[in-house]
Amino acid sequence: MTAHAAARVGDGVDAIDTPALVIDLDAMERNLATMAAFAQARGLQLRPHAKMHKSAAIARLQMRAGAVGMCVQKVGEAEALADAGVTDLYISNEVIDPRKLARVAALAGRVTLAIAVDSAPGVERLAHALKAAGTTLAVFVEVDVGHGRCGVAPTAASALAHQVVAHGLRFAGLQAYHGRAQHLRSPAERAAAIRHAVTQVRAAQAGITSAGIRCPLVTGAGSGSFALEAASGVYGELQCGSYLFMDRDYADNEPAPDAPRFEHALFVKSQVMSRGASHAVVDAGHKAHAIDSGLPRVWQRDLKFSNGGDEHGILMPMHAGAPLPDLGETVWLVPGHCDPTVNLHDHYIAVRGGLQAGVVEAVWPIDARGRLT
C-alpha cells in the first residue's frame, strides 16, 4: 500500500497533517548556496552525503549548484538514487559480501561509481565481482584518521593501494573522514582532531607515492569540520551532508569564527493532542524523530521536549510561568539527528515562505528510505 503524503502542493502550512517532515525551502536553498560558494571559492570538489537526505530531488538540486556527485553509505542507497536518475555516486563505505558486490558491479555498468576499501579480501572480492560483470569503477583506500571505525593505519595504505592497482582497478585516492570530530563542541577541539587527521593523511600519501603510485585525491570532511579540511591543503573533496538541514546536535557546536553558518531547514511539524495542568503532549514521539543524538529542540518556543515514547512528546515550560500551547496548536521541532529522522518518513513536505504562513511547493519521496543493505 502506497503511503499518503501529509500535504499536497498548494496547501498552506496549516493544512499539513502531523507528524510530518517539513523542509523550509528558503533556508535550505541558502544553506545549499553557502556551501557551494565555499567549495568553489577554494577550488574544491563538493560531493555531499546523500545518506543524510536520501532524496534524488535534493541530490539534483545540489548537483545543479555545483556538486560533482553524491556520497552514499549503502549499496541500496546508491541503487535507489541511480533508479531516480542520479548518475555519479560514491559508496564511501566498505562492502565485503559477495552478493552485495555483485550488485555494486552491476550498478557500475549504469552510473559513474566509486567505492571505498580497507582490506585485502575486500579488494579481491571487488575485483572478482567486477570481472564477472565486465564493469569497472574507482577505488578509494580508507585510512583511519581518528574515528576508530573503518579504515587502515596510514602505514598500511601503500600496500592496499598497490593491491588495488595489481588487480587492475583504478586507484582514485584516499577516503579520510573523521566522524568523531564533527560533534566536538569547541573549535579548538575540532581543530586538534583535524590536525591529527591531516598528519595521518600525509603519512599515507607519502607511503603511496614512494611506492610509485599516484594519489589523485583525498576525500572526506563533514559539516562540523569542513573548513579545517578545506584549509589543510590536503583534501580535494568535501563530503559534508548535514549542512543542508542542520539538526539540533550540529547546532550545539560552538561555531568556528572562520566557518560559514547554516540555518535550521528541517523540522517535524507536530500538534498538541493533550494538555494537563503542567504539560502538553504532541503527536510526535520517537517514531517521528530519531533520539540517538538527543531529543529535539522546540523551535522558537520557551518549551522543553521530554520523551513520551513512541507516539508522544511531552512539553514542559522552560521557565516558571511560560505558557503552554493549546489543544490543536502546531509545535515545530528541530530533530536531534537529521539522518535517521529522515529514514523514518516517506515524504518531505517542502514549504516556500516560512513555517508560519508558507505554502507547500513540492512533495518529494524519500527515495532511499529503508535502503539498509
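Of the residues W332, S92, Q200, the one whose Cα sits farthest toward the positive end of the charge dipole of the chain, with +1 on the Cβ of Lys and Arg and -1 on the Cβ of Asp and Glu, is Q200. Within the shell of other residues whose beta carbon sits under 13 angstrom from the beta carbon of T155, the net charge comes to 0, with Lys and Arg scored +1 and Asp and Glu -1. Taking the fewest neighbouring Cβ atoms within 10 Å as the starting point, the ordered list for S223, S274 is S274, S223. Normalised by residue number, the volume inside the convex hull of the Cα atoms of segment 25-247 is 108 Å³ per residue. Rounded, prolate or oblate: which fits segment 273-373 when a ≥ b ≥ c are the square roots of the eigenvalues of the alpha-carbon gyration tensor, with rounded for a/c under 1.5 and prolate only if a/b beats b/c? Cα axes put segment 273-373 in the oblate bin. For the chain, the number of Lys pairs separated by eight or more positions or lying on different chains, with C-alpha atoms closer than 30 Å, is 21. Estimated from helices alone, the mean residue ellipticity of the chain at 222 nm is -9500 deg cm²/dmol (sum of -39500 (n - 2.57) over DSSP H runs with n ≥ 4, per residue). In segment 25-247, a dipole from Cβ-located charges (positive for Lys and Arg, negative for Asp and Glu) runs towards its positive end, and of S186, Q239, T112 it is T112 whose Cα lies farthest in that direction. Find the relative contact order for segment 25-247 and round it to a whole percent, using C-alpha pairs within less than 8 Å whose residues are 6+ positions apart. For segment 25-247, the relative contact order is 19 percent.
Maximal additional length on extending the E124-E311 stretch stands at 62.7 nm, based on 0.36 nm per residue less the C-alpha distance. The charge dipole of segment 235-373, taken about its Cα centre with unit charges on the Cβ atoms of Lys, Arg (+1), Asp and Glu (-1) only, comes to about 300 debye.
When the Cα centres of segment 283-349 and segment 1-37 are compared, how far apart do they sit, in Å? Value for the Cα centre distance between the two parts: 17 Å.
Put a plus charge on the Cβ of each Lys and Arg, a minus charge on the Cβ of each Asp and Glu, and nothing anywhere else: the dipole of the chain about its Cα centre is then about 1020 debye. Give the shape of segment 59-153 as rounded, prolate or oblate, defined through the alpha-carbon gyration tensor: a ≥ b ≥ c are the square roots of its eigenvalues, a/c under 1.5 means rounded, and otherwise the shape is prolate if a/b is larger than b/c and oblate if not. It is oblate, given that a/c is not under 1.5 and a/b is not larger than b/c. Taken along its three principal axes, the alpha carbon spread of the chain comes to 71, 48, 36 Å, from the longest extent down to the shortest. In terms of overall dimensions, the C-alpha atoms belonging to segment 56-95 reach 30, 17, 13 Å along their principal axes, ordered largest to smallest.
None of the figures in this text is laboratory data; all of them are computed from the coordinates on show. The structure presented is a predicted model; accordingly, all values stated were derived computationally and were not measured. Backbone-built Cβ (ideal geometry, glycine too); neighbour counts: all protein chains shown.
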